[in-house]
1. From the residues in the range 445-462 that are open to solvent by 60 Å² or more (accessible area, probe 1.4 Å) and in contact with a Ser or Thr (Cβ under 9 Å, 6 or more places away or on another chain), which one is modelled with the lowest pLDDT?
2. Could you tell me whether E756 is touching a strand residue (DSSP E or B) at 6+ places or on another chain (Cβ under 8 Å) and either of a type in the set (S, T, Y) or farther than 23 Å from N864 by Cα (or both)?
3. What pairs come out if I take residues in the range 805-819 that are assigned to a strand (DSSP E or B) and pair them with residues that are open to solvent by 60 Å² or more (accessible area, probe 1.4 Å) and of a type outside the set (F, W, Y) whose C-beta lies under 6 Å away, six or more apart or interchain?
4. For the range 417-439, does any single residue satisfy the condition of being at pLDDT below 75, surrounded by fewer than 18 Cβ atoms within 10 Å (Cβ to Cβ) and either touching a Phe, Trp or Tyr at 6+ places or on another chain (Cβ under 7 Å) or aromatic (F, W, Y) (or both)?
5. Take the range 581-609 and flag every residue that is open to solvent by 20 Å² or more (accessible area, probe 1.4 Å), modelled with pLDDT of 85 or more and assigned to a loop (DSSP other than H, G, I, E, B).
6. Select the strands (runs of 3 or more DSSP E) contained entirely in the range 463-574, then report the ones holding at least 2 residues which are polar (S, T, N, Q), at pLDDT below 85 and under 20 Å from E850 (Cβ atoms).
7. Can you name the residue in the range 388-416 that is more than 26 Å from the chain's Cα centre (by Cα) and at pLDDT 70 or above and is also surrounded by the most Cβ atoms within 10 Å (Cβ to Cβ) among such residues?
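The values are calculated or read from the model by the stated rules, or taken from the named source; none is laboratory data. The structure presented is a predicted model; accordingly, all values stated were derived computationally and were not measured. Counting neighbours? That spans all protein chains shown, and the Cβs are built from the backbone with ideal geometry, glycine included. Keep in mind that these areas ignore ligands, DNA and RNA; they rest on the heavy atoms of the full protein, side chains included. Shrake-Rupley method; radii C 1.70, N 1.55, O 1.52, S 1.80 Å.
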Amino acid sequence: MQPDVRHNPLIRRIAAKEITLFFASPIAYLFLGSFAAVTLFIFFWGEAFFSRNIADVRPLFEWMPVLLIFLASTLTMRLWSEERRTGTLEHVYTQPVPLWHFVAGKFLGCLGLLAVALLVTLPLPLTVSLLAELDWGPVWAGYLATFLLGAAYLSIGLFVSARSDNQIVSLISSVLVCGFFYLLGTRVITDFFGTQAGEWLRLIGTGARFESITRGVIDLRDLYYYLSLIAVFLTLNTFVLERERWATGESTPHHRLWRTLSVLLLANALAGNLWLGQLKSWRVDVTEGKLYSISGVTENYLGQLREPLLLRAYFSSKTHPLLSPLVPQLRDLLREYEIAGRGKVRVEIIDPAAHPELEEEANRKYGIQPVPFQVADRYQSSIVSSYFNVLVQYGSEYQILSFRDLIEVKQRGETELDVRLRNPEHDLTRAIKKVLTAYQSGGNLFDTVKGDLTFTGYVSDDAALPKPLSEFRQTVEKVVDKFKSDSGGSLTALFIDPEADGGKVAEQIAKDYGFRPMAASLFADRGFYFYLTLAKDDQIVQIPLEDMTEAGFERSLEAGIKRFASGFTKTVALVAPQGGQAFGQFGMGGPQFEQLEAFLGTDLNVRSEDLSSGAVSAEADVLMLAAPQELNEKQLFAVDQFLMQGGTVIAATSPYSANLSARQLSLAPYGSGLKDWLEHQGLSIADKLVMDPQNAAFPVPVARTVGGFMVQELRMLDYPYFIDIRGKGLNREHPVTVDLPQLTLPWASPITVDNEKQQGRTVTELMRSSDKAWLSSSMDVMPKLGPDGQTNYRPEGETGSHLLGAVVSGRFDSYFAGKDSPLLAKSDDAQAGGEKTESDMQPVVSGVIERSPESARIVLIASNDFLQDQVVRMTGAASGSEYLNGLQLAANTVEWALDDDAGLSGIRSRGHFNRTLPPMERGVQLFWEYLNYALAALALVAVALIQRQRKKAREQAYLQLLTD
C-alpha cells in the first residue's frame, strides 16, 4: 500500500519536521556546501572538464554513486537512532496510526533534502549549455538516475538507523551496506567470477543500472529495480519497528499477517525483477538522434529477409576483464535485432566451453578460434583463451565478427585503457548486408531488378559504320539475345538508326542525352552513331565501348544491369594520388588513402583508377576523386563523360594541401586540374582558407619529465583551420549528413555557386562553417603559441558562414561540347607513329556526349585532406580513439549516390564523437569554475533565507494562536 501524501497530513507534517530539524543547525549548510564543493571539484579538477574538451556532464554523474552513499548515510543516521536514544520512539509506538506513516514521512523528508542537494548542482549543466551545444536528454536522465539511486540509499539508511541507537554506528553501517550494493556490480567483484555470474552481480548491484540510465536510456527494468529496492527496505524498516511494537513474543494472527504481507511484498519485488528481465523493448532512448535505438536502416534490412537469419554469439564465461562488461551490452543489442526481425531472426548466446559440439563446429566450419588474453593483477599473471565472436549466417552465407571488429580502445591517462563497443549496430548490420547480398547474387541477375529494363542501341546502318564496329554490332546482338532469354521477359531490346526518317531520332537524342555523331579519327569524312543504353523508368545508363570483344561486352552489359539491381555489391572508382612513405607520429608524408579504401571496401568494391585511358571503368557505379592532382585533358574527359552518362562524381578537392614532416607543418598550392571544369558547371573554390572559432583541437606531441623519466604526451591546441561542423552547420534534411553527429574539415576553402549556371538544376548545401568564421590568404598554418603555451587566433576581416560542401543534380552541359574528343588525338598520334602497342591495336571510337540526363550529380567538398590517413590519425588522437566521421561522410555519400535502399548511412555512430567546447583561455576557464562555486553558494543562501522565512511564519502563527 502506497502512502497518499496529499491526503495524509501526518506524513506531510513528519516530512516537514525532518526538513526543518535538518536546517535548524548550521551543520546542515556546512554539509550541503561540502557536497557542492566536492562535486564541483571533481567535475572541474578531478575529471579535468576543460581538458576533456567535451560538452557533456558525464563527470558530474560518474562519481555520484559514491558521493550519494555518504550523503544518504549522513542524512539518515539520526532519524531513528536519535528517536531511540532520546526515548521518543516509544511515543511513536503508542500513536494510533500505522507505523508506515512515520516511515513514509521521514523518507519523503529525506527525499526533499536530496532534491535540495541536487538543486545545488544545476548550475553545472546550465554552464555547459552556455559554453556549447548540450544534449539535455542524458542530463535529465542522469538526474533521474541520481534521484532514484539516492532514494534507494536513503531507504537503506533508514532501515539501518532503525536497528541502532547510535548515530555513528548507523552512519558506518549504512555506508557499508550501501557500499556493498554499489561494489557488487563493479569490476572489483565481478572480475572474480565468470561472464554469467558477473552479469547477475551487475544486475543486482546499483552502479551498472545507474550507468545505463545516465547514458540516456531509460529502461523500465532499471526503474523497477530501484523502486523495488526502495519498497523492500521501507518494508523492512516498517516491519522492524512493528515487531518492536508487539507487546508479546507469541505469534498472533496479527503478527502472522504482518510476516506474510512482508514476505509477499519482498517476493513480488524479486519476482517482478525476474519477469521484467525477460522484456527487452520497454525502454526509451532520450538522447538526441536516438543513439541507442535500432535505426530504420537496420529495420529495412531485416524486412528484406526471406529465410531465417542466425545471430550466434560466442562468449566465454571467463574472458578479459575489459571485455566482460561488453558482453551484456552486445547481448541486449542482439535481442533488439531478434525483436525487430519479427520471427525471422534467431539469436543464440553460447559459451563454447559448455557446448563442445558447437565449439568444434565454430573451429572447423567457421574458422573461429579462441584468442589468448593476458590477465594480470599485482600478485600473478596468466593467459586466458576466450571467445568474443558473433556469427551472422543467412542460408549458406556467413560472416564472422571478432572482438577486433567490434571494440575500440581509448587511452585514459598514462596507464588506464577504456574499452568500449565501437558501433555494434553498424558492424552487425554491415555483416547482415554482406550475407544478404551474397545470398541474393547467387540467383538470377534479373531477380534482383524491380521492373522492366529496355536496352536501346542507337546504331547507324552497317554501311556507315567502320568495319570493326559493324562486326561488333553482331556481337552485341548475340549477347543481348542471350540476356533477353535469361530475363524472363523483363528485358526488351531495340536497335534504332538515328539517321533514318530524316534524322528525327538523332535530333531527339542530341537534345535529351547529348549524343552526337562519333568519329574514328579527327580526319574522318563522315560520322556515325553507336550508343548503347539501358533504361528503367526515368533512369538511363550508357554502356561504354571499353572492350569490343564478346566477353568484354558481356561484362559491360552485366555491370549496367547491376546498376538497376538491388543486393549486388557496387563498385566505386577511386581516383587518388599515389602517396609517399608515411613517417612520424601521425604517419605524415605523401597523401595516402588506405583507410578510406578499407572503410569503403567493407561494403563496396573499390577500384583504383588513374583515368589515363580517357574513360572510367565500365564496372564503376560511382566516381570518387580524393585530392585529384593535375588531371590532364584525357583524364578530365573521362570525368566529364562519366557525368554526362548520368553518373555521380564525388570530388574532395581544394586549392591547398598540407604536409607535416620533421615537426614542421606547411601548406602548399595544389592543382587538381578540375578548376575550369567545375567553373563550367557553376561551382568555384576560392584561393583562401576558412578559419572558424568553432574548431576541433590540434594534437601536438610534447615531452615532459615524470619521476626522472621522459614521457611524451599530446597537448590539444585551439586550431581554427580544423573546422568543427555540427548542429545547423550540417544539413539535417539530406541523407548524406542527416545522421552525422559532427565533421572535422581541415584546411578547407569556401565554395561559390553560380546561380545563373544552375538554372534547371537542384543545388543542396551539405555543410557550412559557423557564422563567426573568417577567410585567410596566408599559407602559414603552423599553430602560433603564446606565452601561456596556447594558441591565440583572432578573426581578421569580415566574419560569416561559408559553404564547404554541396550537391548539384540535374542536366549538365559537357565541358567538351563543340570540341573534338581528346581520345581521337591519341588515335591519330598512334597511327602517325611507328611501333604500336597492344592497346593501340584496339579501334578507338569516340564521341562527345554533350548533355547529361537528369540523374547526373556532382558532390563537391572543398578539402583535399579530410580523407587522408594522416589527418584521420590526427583527429583521432585529439579524441583519444578512432575518428571515423570523415570516412563515414564519404561512405554516406557513396551509398546515397548509389540510391541503395540497404545503405548503412542511416546508422548513426552511438555516441562515438562528442560535442567539443569552444577554445578559451585559462582565465576564462577559471571564471566559469568560480562562477559555479558562487552559484552553488547563492543556492545555499537562498535555501537558508527560505527556511528563515518559514520559521518566522511558524512563529507568527504560534503567537497568533496564543493571542486568540
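1. As a first pass, look at the range 445-462 and keep what is open to solvent by 60 Å² or more (accessible area, probe 1.4 Å): 447, 450, 452, 461-462.
Still in the list and also in contact with a Ser or Thr (Cβ under 9 Å, 6 or more places away or on another chain): 450, 452, 462.
Details: K450: 76, D452: 88, D462: 88.
Filtering the range 445-462 for residues that are open to solvent by 60 Å² or more (accessible area, probe 1.4 Å) and in contact with a Ser or Thr (Cβ under 9 Å, 6 or more places away or on another chain), the one modelled with the lowest pLDDT comes out as K450.
2. Working: touching a strand residue (DSSP E or B) at 6+ places or on another chain (Cβ under 8 Å): no; either of a type in the set (S, T, Y) or farther than 23 Å from N864 by Cα (or both): yes.
For E756, the condition - touching a strand residue (DSSP E or B) at 6+ places or on another chain (Cβ under 8 Å) and either of a type in the set (S, T, Y) or farther than 23 Å from N864 by Cα (or both) - is not met.
3. Final answer for the pair search is A806/E765; S809/T762; D813/R851.
4. There is no residue in the range 417-439 that is at pLDDT below 75, surrounded by fewer than 18 Cβ atoms within 10 Å (Cβ to Cβ) and either touching a Phe, Trp or Tyr at 6+ places or on another chain (Cβ under 7 Å) or aromatic (F, W, Y) (or both).
5. Selection gives E609 alone.
6. 539-543
7. Y394
Per-residue answers, yes or no, for (1) under 21 Å from L611 (Cβ atoms); (2) hydroxyl-bearing (S, T, Y); (3) in contact with a His (Cβ under 6 Å, 6 or more places away or on another chain):
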residue	(1), (2), (3)
A652	yes, no, no
L660	no, no, no
S666	no, yes, no
A686	no, no, no
V690	no, no, yes
P693	no, no, no
